[in-house]
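Enquirer: Attaching a single structure in structure tokens format; questions to follow.
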Amino acid sequence: MTIRDPERRIRVETVVPASIDSVWDAWTTEDGIRSFLAPACHVEARIDGPYEIYFAPELPPGQRGSEGMRILAMQPPHLLSFTWNAPPHLPNIRGQRTAVVVRLAAEDEEHTHVSLIHTGWGEGDDWDAAFRYFERAWGQVVLPRLRHRHAHGPIDWENPPSQGAKGSSPPPGPSVTIRLATAGDFDGVGRVFAQENAHHAHLLPDRFRIADPIMTPEWYADVLADANTALFVAEGETGIVGLLMAASHKSGNDPIEQPRVTVYVEEVAVLASHRGHGIGRQLMEQAARWAEARGASSVELDVWEANESARAFYKALGYEMIRRRMARQL
């Protein structure tokens, strides 16, 4: 009797220009993982050892990445298997566990074949969204960065490499639509604002605290109704994954000021699970187009000195320092 196998799985593979021992170290040592997979991690290369990959180490515990994941099997330098979980933007299944199997085979002394299989998927909309997310992530981001690491050196996490054909576009990821927010986006916008609030509370606990609720329906309605404010959202397959809020200001009433129109970016945020795919850049480009349409001479924003990744992001977009706000602690 033939039994139909209902199991679906992600399978991706590549050839890395490095020895099998070097590629093995990249997957199984903390230095190796930080060189291509994520900026921080906690890994112990042993059976049932932790395999926690922190894609967003600045976020509070539980939202940083593969927290709680464990190594299932090892056969150096050929086999590594570990548990995996859904990204934070899929909370209904984040507590579930899937399994990833990485197999290495030496093609010669300087080239290694890498295959990755991700299995253990459930059924339903959230499971389908997670499957699509990792189908892109493993094949279009992770393995290309593994090749990049061995061809060009460790990843600079302040400015991760592009993966376009000519190195000019961001790593392929979940496709999004940038549009103005509507009343029906309240929950999705709140989810992004809440994660950004948690990020700032963790980064600067002396200045920020967790707000509950993060916003009210009245405040949200006022934002949507304000003719001088634009709230843009990035909508993906799983809902709202990013946002940008900007406001237009006219100066010149003060006799010492030149008359001008400025657009100020009040908030820009992307869910940690969707960073590194150019969504923030698309939102900032949309803000620039909105500013130009309103006759603005510049787009301006503030950024905390402690937020190094944000400062690097804005600098890469062409933003320059025009003033500093200083404080003396008492």
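The values are calculated or read from the model by the stated rules, or taken from the named source; none is laboratory data. The structure presented is a predicted model; accordingly, all values stated were derived computationally and were not measured. Please note: Cβ atoms are built from the backbone with ideal geometry, for glycine as well, and neighbour counts cover all protein chains shown.
Enquirer: Taking segment 98-122, which residues are touching a Lys or Arg at 6+ places or on another chain (Cβ under 9 Å), farther than 18 Å from residue 146 by Cβ and surrounded by fewer than 16 Cβ atoms within 10 Å (Cβ to Cβ)?
Expert: Scanning segment 98-122 gives 119, 120.
Enquirer: Something else about it: Looking only at segment 312-330, which residues are at pLDDT 85 or above and under 17 Å from residue 200 (Cβ atoms)?
Expert: Passing the criteria: 314, 325, 327.
Enquirer: Picking from 235, 218, which residue would you name as being free of Cβ contacts under 8 Å to residues at least 24 places away in the same chain and either exposed (fewer than 13 other Cβ atoms within 10 Å of the Cβ) or under 19 Å from residue 183 (Cβ atoms) (or both)?
Expert: Of 235, 218, the one residue that is free of Cβ contacts under 8 Å to residues at least 24 places away in the same chain and either exposed (fewer than 13 other Cβ atoms within 10 Å of the Cβ) or under 19 Å from residue 183 (Cβ atoms) (or both) is 218.
Enquirer: Among the numbered criteria (1) over 22 Å from residue 179 (Cβ atoms); (2) among the hydrophobic types (A, V, I, L, M, F, W, C); (3) in a helix (DSSP H, G or I), which single criterion is violated by residue 322?
Expert: It is condition (3) that residue 322 fails.
Enquirer: A further question on this structure: Going through 270, 299 one at a time, which residue ends up being touching a helix residue (DSSP H, G or I) at 6+ places or on another chain (Cβ under 9 Å) and under 30 Å from residue 127 (Cα atoms)?
Expert: After ruling out the rest, the residue left standing is 270.
Enquirer: Could you grab me the full set of residues in segment 248-260 that are exposed (fewer than 15 other Cβ atoms within 10 Å of the Cβ) and not in a loop (DSSP other than H, G, I, E, B)?
Expert: Once the filter is applied, which keeps residues that are exposed (fewer than 15 other Cβ atoms within 10 Å of the Cβ) and not in a loop (DSSP other than H, G, I, E, B), segment 248-260 yields 249, 250, 251, 260.
Enquirer: State all residues of segment 276-318 that are at positive phi and either aliphatic (A, V, I, L, M) or surrounded by fewer than 14 Cβ atoms within 10 Å (Cβ to Cβ) (or both); if no residue qualifies, say none.
Expert: 295, 318, listed by residue number.
Enquirer: Okay, moving on. Which residue pairs have Cβ atoms under 7 Å apart, sit 6 or more places apart or on different chains, and have a first residue in segment 126-146 that is farther than 14 Å from residue 98 by Cα and a second that is aromatic (Phe, Trp, Tyr)?
Expert: Here the result reads 145/36; 146/36, each pair linking segment 126-146 to a residue that is aromatic (Phe, Trp, Tyr).
Enquirer: Further question on the same structure: Which is among the charged types (D, E, K, R) and touching a helix residue (DSSP H, G or I) at 6+ places or on another chain (Cβ under 9 Å), of 52, 58?
Expert: 58
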